[in-house]
Amino acid sequence: MKRKLETKSLAFDINETEPIICYAATMISSDGLWHKENPLYYSLPLFLVQLLLVLVITRLFVYILKPIRQPRVISELMGGLILGPSVLGKNKAFRDAVFPQRGEILLEAMASVGIVYFMFLVGVGMDATSLRRIGRKAVVIALLGMVLPFAIGALFTMYLIKFDDISAKNTANVLFIGSILSVAAFPVLVRILAELKFINSELGRIALSSALVNDLISSLLLILSVNLAQRNKPSITLLSTFLSSIGFIAFNIFVVRPGVLWMVRKTPEGETFSDFYMCIILAGVMLSGLITDIIGTHAVFGAFVFGLTIPNGPLGLSLVERLEDFITLILLPLFFATNGLKTDLGQLDDVREWVTLITLVIFTSLGKIIGTMVAAFYYQISVRDGAVLGLLLNTKGVVEIIVINIGKDKKVLTNESYAALMLITIIMTAIIVPGVSYIYKPIRGVIPYKRRTIQMSQKESEFRVLVCIHTPRNVPTIINLLDATNPSKRSPICIYLLHLTELSGQASALFLVQHHTAKDPDQPVYYNKTEAQSEHIINAFRNYERHACHVSMQPSIVISPYSTMHEDVCNLAQEKRVAFIIVPFHKHQAVDGEMAPTNMSHRTVNLHILSQAPCSVGILVDRGFSACSHLAPDQKSRNVAVLFFGGPDDREALSYAWKMSENPGINLTVMRFVHGEEVMHQHSDLSPDESTVLKVKTDKDSHKKLDERLINWFRTSCEDDGSVVYVEKMVNNGEQTVAAIRSMDDIHDLFIIGRSEGMKSPLIAGLTDWSECPELGAIGDLLASSDFAATASVLIVQQYLGQGTEDVFETNQEEEQTLSP
């Protein structure tokens, strides 16, 4: 026995490998550095330093690995490896100071609490009722994809992998290795699919559904692994544990679930659940983990089953919103890091071990791919897609690492085997993104089409519009805007509707699986607020499609991180060859008239779309815009105004308004602003009414020529239309421009303007200095500001200026000549 006075603890060594650490009851928090004590000798300061180090290192690896799009689990495991005996832990001074043996218990306990609650969230997200809707295809792919890796793992277990002498080559070993190598991790796969932009594809949905089946099977294998590891062979005790587990599941189905449903019924719709109910559920997680640990399975199994009993709806959403960030950002990295801390890659010092390791990774990965390709071939999925699906289903995650830990704790695995399996988990998950990127290279950015702008779209052809919606708030105004665009037999409108939803966790991805596996779309079961919103948005557009003439609509749901959401929008616009994208402004008008932010992430998405869109883009500032068919009795039409300063964006805005002018319910006013110093009065011989029209002295500037050409064509075409008014306004500076705009703001329902980014003109001098939202342009920012006393909506238009747009008028030259008097 050796006393360590400086740490106030005792260490006993029963043998060389199992030290027993004793703690003093008062070693929780230190008296402070000024009392000449080392704070790291006490539990709380030591734990806080460990947690801080884990978070800093793992976030550093997240940043380093982000360019190669590695899932977060890789960063967290790598952080643990760096802090553990493989790298920094080799230094005895660092190990004894920061990760001493006396600190392991608290670290492991907190990590275990985190993983218990994480598995509870996995169960909550799965929604047991949705599992019945998973198709046979996903089940067959999941099962066939498990057979070969399981067999290969069993073969390596029997002949090549080292175990301790007591439990060598028993059934538990086969089950351990087979389950680790054959199953797929759903939560990790969600992030990988999101990074690869597959999550909204058919291939992504099949992968997610198959991974769900894999997760359920892995949970069963986990129970068997634990029991066989404890008893080495089947016995009466194993049967007792199995029957107890069945009883626990039945209790949750027939007793716990009805109780939770009673809580839901007692809570009025739209109100938050009481803290008392939340406390009961969170305590139920701990109780479930305790019960399953007592009956001989594992605490995570109890938490997972308890999570499955939570019904779909607002209760599950509330639990996820309250717990997910703390669990996934704080405690889950701690769990993965503790596994890295126990991994010593230095013990894999034999070349034969590395050859075995690499061979095992290659053979099991190929086994998964081949098994999945066989199932894919049966369901007439292409060979390439089958290979990608097999590679995706090689993803490893939480359950696999739990199984590895159980093997080490139960003395089934030696330190060498534990390190090897941890390394296998890292390698098999890390190769997925590069492997899929190499095999599956979707052809994007090379789809040729010319009608990328409204100006270039032929008047007698289909007008394709991509509409992006975040919340139902913007639906009425956007539908009425599209209806005012005048769909007709010779120019129908095809609407591609996108509901943009943030991928904030596994719950949203599960919603995607459930949405596409629902058997009866007319009787939706709302999983959460996101699903309910999607149904409301899509139903509103479907209702418009049914009642409107010459309108078609194709809805889609994009579930993606905000950082890459614009890629989904731009890719779909390219694929569908749309001419115009409409996105909502990131602010909405509050009751008091102020423009309040809805979500600042929406602004980031809009900025990325503006910079990368393959066609023209419009940002809609929504202050309401009634349908022309639902006006008040004293109103015969809606008043729309175009503010024209010149340039490609303004030409695009005028082109869109021109389409609207053909609607009999629209009165259009085009106000052209010209600089006083560039104006001279010329008398026209055409008619006395036009003798005082202000004409701009044009130079050789191409944009001014294009402006003049479009204005002349527009005026000639609409000269006999009494609902169209053209006005030229002479101003000399930005102050006069603002005054002119304010004089007309109370009589119009919609302003359409060009973004005109980077335009330098004395007409807007000084306005850009005070712009709050530069993405709207100087005039758009003015019209969208809270201090602009207007109730009119604003559509800010940016014209696509890519290849081919310089010849915008060539195809219309003959039309212009025939229209001229």
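The values are calculated or read from the model by the stated rules, or taken from the named source; none is laboratory data. Note that this is a predicted model, so its numbers are computed, not measured. Cβ sites come from the backbone with ideal geometry, for glycine too, and all protein chains shown count toward neighbours. For the accessible areas, the whole protein counts, side chains as well, though only heavy atoms, and no ligand, DNA or RNA atoms are used. Shrake-Rupley method; radii C 1.70, N 1.55, O 1.52, S 1.80 Å.
Here the gap between N539 and S556, fully extended at 0.36 nm per residue and compared with their Cα-Cα distance, gives a gain of 4.9 nm. Across the protein chains, with a 1.4 Å probe defining accessible surface, the residues W262, W34 rank W34, W262 from largest area downward.
Across region 10-439, Cα pairs under 8 Å and at least six residues apart give a relative contact order of 28 percent.
Between R384 and L143, the FRET efficiency estimated from the beta carbon spacing at R0 = 30 angstrom works out to 0.85. Of K66, K587, K705, K459, the order by accessible heavy-atom surface (1.4 Å probe, DNA, RNA and ligands excluded), from most exposed downward, is K66, K705, K459, K587.
With unit charges on the beta carbon (Lys/Arg positive, Asp/Glu negative), name the residue among S417, N394, Y117 whose Cα is farthest towards the positive pole of the charge dipole of region 10-439. The residue sitting most towards the positive pole is N394.
Converting phi to 3J(HN,Hα) with the Karplus coefficients 6.51, -1.76 and 1.60 and the offset θ = phi - 60°, region 359-364 yields 4, 5, 4, 5, 5, 5 Hz in sequence order, with x at every glycine or proline. Quote to one decimal, in nm, the extra length available between I362 and K704 on full extension: 0.36 nm per residue of separation minus the C-alpha distance between them. My answer for the length gained is 116.7 nm. Taking label positions 7 Å along the Cα-Cβ direction at both I747 and E37, the computed distance is 8.1 nm, reported to one decimal.
Computed from backbone phi with θ = phi - 60° and the Karplus coefficients 6.51, -1.76 and 1.60, the 3J(HN,Hα) list for region 456-463 is 7, 6, 5, 5, 10, 8, 5, 9 Hz; x is used for glycine and proline.
In order along region 178-188, phi translates into HN-Hα couplings of x, 5, 5, 8, 9, 8, 10, 9, 5, x, 6 Hz, rounded to whole numbers, per the Karplus curve 6.51 cos²θ - 1.76 cosθ + 1.60 with θ = phi - 60° and x for Gly and Pro. In a fully extended conformation the segment linking N599 and T791 would gain 67.0 nm over its present Cα-Cα distance, using 0.36 nm per residue. Scattering from region 10-439 was approximated by placing one identical point on each alpha carbon and applying the Debye formula without solvent; log10 I(q)/I(0) at 0.09, 0.10, 0.14 1/Å stands at -0.59, -0.74, -1.44. Charge tally around G618: other residues with Cβ under 11 Å, Lys/Arg +1 each, Asp/Glu -1 each, net -1. Placing +1 on each Lys and Arg Cβ and -1 on each Asp and Glu Cβ, with no other charges, gives region 10-439 a dipole about its Cα centre of roughly 1060 debye. Here r is the Cβ-Cβ distance between N91 and R59 and R0 is 22 Å; the resulting FRET efficiency, rounded to 0.05, is 0.50. What nm value, rounded to one decimal, do you get for the distance between S201 and E728 when each label is placed 7 Å out toward the C-beta? Going by the 7 Å Cα→Cβ label model, 5.4 nm. Amide H to amide H, with H built 1.01 Å from N, I666 comes under 5 Å of R638, counting only residues 5 or more places away or on other chains. Grab the other residues whose beta carbon is less than 12 angstrom from that of W770, score K and R as +1, D and E as -1, and report the net. Around W770, the charge tally is -4.
Beyond 23 Å in Cα-Cα separation lie the following of the pairs K197/K576; K92/K410; K368/K576; K705/K729; K36/K342; K459/K760: K92/K410; K368/K576; K36/K342; K459/K760. Each other residue within a Cβ distance under 15 Å of T343 adds +1 if Lys or Arg and -1 if Asp or Glu, for a net charge of -4.
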